[in-house]
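Step one of this worksheet: look at the structure below.
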């Protein structure tokens, strides 16, 4: 079922790519696999310029966690609104008895609908926990749905 949803959403992103526009700021939710420290989260993305963005996430699962990523966005065949992106950052998870601290990378697709203040992102965000417990989580797939404002 998960593969079907991912394939379906990717298809929608690719088919409607020519009807999109860019945005500057987005706020919404990110749904992700349960194995990641920063999994289901509130997400805030802010573009510094047309190609780079900062994304902050507040995960409300177990553990509660904060994550930040620097992302580079690249157009796909000059299609307005559809971009692929990659980036890296870190996180801290507030677990008992010790906090979790680690690094995370990200790669994915980002799409902004033209006539709606809505953005969808589909990504892969592996995590490497460094402090408290050394652990690598490679299967952190996520879907973000954001309300956008300050369109360009």
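The values are calculated or read from the model by the stated rules, or taken from the named source; none is laboratory data. Here the structure is a predicted model, which means the values were calculated and not measured. Using ideal geometry, Cβ is built from the backbone for each residue, glycine included, and neighbour counts are taken over all protein chains shown.
Within the range 31-46, the set of residues being in contact (Cβ under 8 Å) with a residue 60 or more places away in the chain and surrounded by fewer than 21 Cβ atoms within 10 Å (Cβ to Cβ) comprises 31, 33, 35. Scanning the range 126-147 for residues that are surrounded by fewer than 16 Cβ atoms within 10 Å (Cβ to Cβ) and not in a strand (DSSP E or B) gives 132, 133, 134, 138, 139.
If the condition is being touching a residue at least 40 places away in the same chain (Cβ under 8 Å), under 12 Å from the mean Cα position of the chain (by Cα) and farther than 20 Å from residue 25 by Cβ, then the range 78-115 contributes only 104.
Do we find a residue being at pLDDT below 95, exposed (fewer than 14 other Cβ atoms within 10 Å of the Cβ) and out of contact with any helix residue (DSSP H, G or I) (no Cβ under 9 Å at 6 or more places or on another chain) anywhere in the range 104-112? No, there is no match, as no residue in the range 104-112 is at pLDDT below 95, exposed (fewer than 14 other Cβ atoms within 10 Å of the Cβ) and out of contact with any helix residue (DSSP H, G or I) (no Cβ under 9 Å at 6 or more places or on another chain).
Filtering 137, 71, 55, 50 for residues that are closer than 23 Å to residue 22 by Cα and at pLDDT below 95 leaves a single hit, 50.
Listed conditions (1) in a strand (DSSP E or B); (2) over 10 Å from the mean Cα position of the chain (by Cα); (3) surrounded by 14 or more Cβ atoms within 10 Å (Cβ to Cβ) are all met by residue 72, apart from (3). Anything in the range 51-64 that is in a strand (DSSP E or B) and either over 15 Å from the mean Cα position of the chain (by Cα) or exposed (fewer than 15 other Cβ atoms within 10 Å of the Cβ) (or both)? List them, or say none. Correct list: 52, 58, 64.
Applying the condition of being in contact with a strand residue (DSSP E or B) (Cβ under 6 Å, 6 or more places away or on another chain) and in a loop (DSSP other than H, G, I, E, B) to the range 110-125 and asking which residue is farthest from residue 148 (Cα to Cα) yields 125.
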